[in-house]
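Worksheet: the structure to be examined is printed underneath.
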Amino acid sequence: MNNFHPDLELKRLYAELTAGLDMRVQNLCRRCLKVKSTLAFAHQKRNANGIRTYCRQCARTPQTRITRTEKPCQLCGRVLPIEEFFIKKDSPDGRQPRCPSCNTAAARRSRKKNRAKAHNIKWRYCCGCDQTKPATEFYTARFQSDGLTSRCKPCTDAYHQTPRAKAHASRNAALLDERRHNINIPYTREETDLALSYREATVNDPCSLCSTSNHPIFWIHRIPSRKGGRDLWHNLMRACISCTNRRKYHTDQCLRNDRTQCICR
């Protein structure tokens, strides 16, 4: 097995180039490997320094796709098949840098950290009543950065009684039930072979919505998974990243009628 892996070599190179660099004034772009001013990077709150890891110029430049059969995990360093990594469309190889076990461990640490933050916060601002209240007046939310909801308890209860919130909750419950039902339906060998054959036959086709081939193109479902769509050959289509982001969870027929707004919203 080859011991050279681009991800690990890039990580070592990044550590060498950033040694002794003032990250408040300058930063190293991970794509072009050039030291630039922090003004050349877009903002991103989840990073420690508050900016992205690549500059604005590299963000506008389409990436060249890397084809590989295996890759190492960024955290544990294990070399696993590429199919075991979750999909990340903006990465060079189309996969996340961390393996699923490391992702699960990181999510658990984040939720534990958010719960610890909730105990340290004394006061919080409510976006519903526009008032600052004690932290005991808010519900806990483990996926929030501070471990508390954005609305206080009375505002949260009042919001859940609105028709919009009830319709949203019922729609999500129906979609979740339908998706669970479709997941439990096993795929036959014929359906799997047809889907693989269809992918191989149309791998070089342009985008099915805008007919472009300049942007990265991915496989998506005509009927999204959250609406009951399955991974069958007649439910697969090719779409570029701009059409995928604009389409979201809607069907492709909505975008054919109006490119700017879906008719099913």
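The values are calculated or read from the model by the stated rules, or taken from the named source; none is laboratory data. Fair warning: this is a prediction, and the values are worked out from it, not measured in the lab. Methodologically, a virtual Cβ is constructed for each residue, glycine included, from the backbone with ideal geometry; neighbour enumeration extends over all protein chains shown.
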Q. Restricting attention to the range 117-144, and to residues there that are hydrophobic (A, V, I, L, M, F, W, C) and outside any strand (DSSP E or B), which single residue is farthest from ARG46 (Cα to Cα)?
A. CYS129
Q | Yes/no for ARG115 being of a type in the set (D, E, K, R) and in the same structural domain as LYS34 (by TED's automatic domain parsing) | A | no
Q) Of everything in the range 215-265 that's of a type in the set (D, E, K, R) and part of a loop (DSSP other than H, G, I, E, B), which residue is modelled with the highest pLDDT? A) ARG222
Q) In the range 205-214, what residues are over 23 Å from the mean Cα position of the chain (by Cα) and at pLDDT 85 or above? A) ASP205, PRO206
Q: Residue by residue through the range 197-230, note down the ones that are among the hydroxyl-bearing types (Ser, Thr, Tyr) and either closer than 29 Å to LEU176 by Cα or surrounded by fewer than 14 Cβ atoms within 10 Å (Cβ to Cβ) (or both).
A: SER197, TYR198, SER208, SER211, THR212, SER213, SER225
Q) strands (runs of 3 or more DSSP E) wholly in the range 28-103 with at least 3 residues that are assigned by TED's automatic domain parsing to the domain that holds CYS240, surrounded by 14 or more Cβ atoms within 10 Å (Cβ to Cβ) and modelled with pLDDT of 85 or more - which ones? A) none
Q) Across the range 104-145, what is the number of residues that are closer than 20 Å to THR156 by Cα and modelled with pLDDT of 80 or more? A) 21
Q. Would you pick out the residues in the range 236-249 that are within 16 Å of ILE217 (Cα to Cα) and either in contact with an Asp or Glu (Cβ under 7 Å, 6 or more places away or on another chain) or surrounded by fewer than 16 Cβ atoms within 10 Å (Cβ to Cβ) (or both)?
A. MET237, ARG238, ILE241, SER242, ASN245, LYS248
Q) Is the range 150-168 home to any residue that is under 30 Å from ASP90 (Cβ atoms) and modelled with pLDDT of 85 or more? A) yes
**Q.** Number of the exception - TRP233 against (1) without any contact (Cβ under 8 Å) to a residue 60 or more places away in the chain; (2) surrounded by 15 or more Cβ atoms within 10 Å (Cβ to Cβ); (3) within 24 Å of ASP90 (Cα to Cα); (4) aromatic (Phe, Trp, Tyr)
**A.** (3)
Q. Within the range 123-148, can you find the residues that are within 25 Å of ALA48 (Cβ to Cβ) and charged (D, E, K, R)?
A. ARG124, ARG142, ASP146
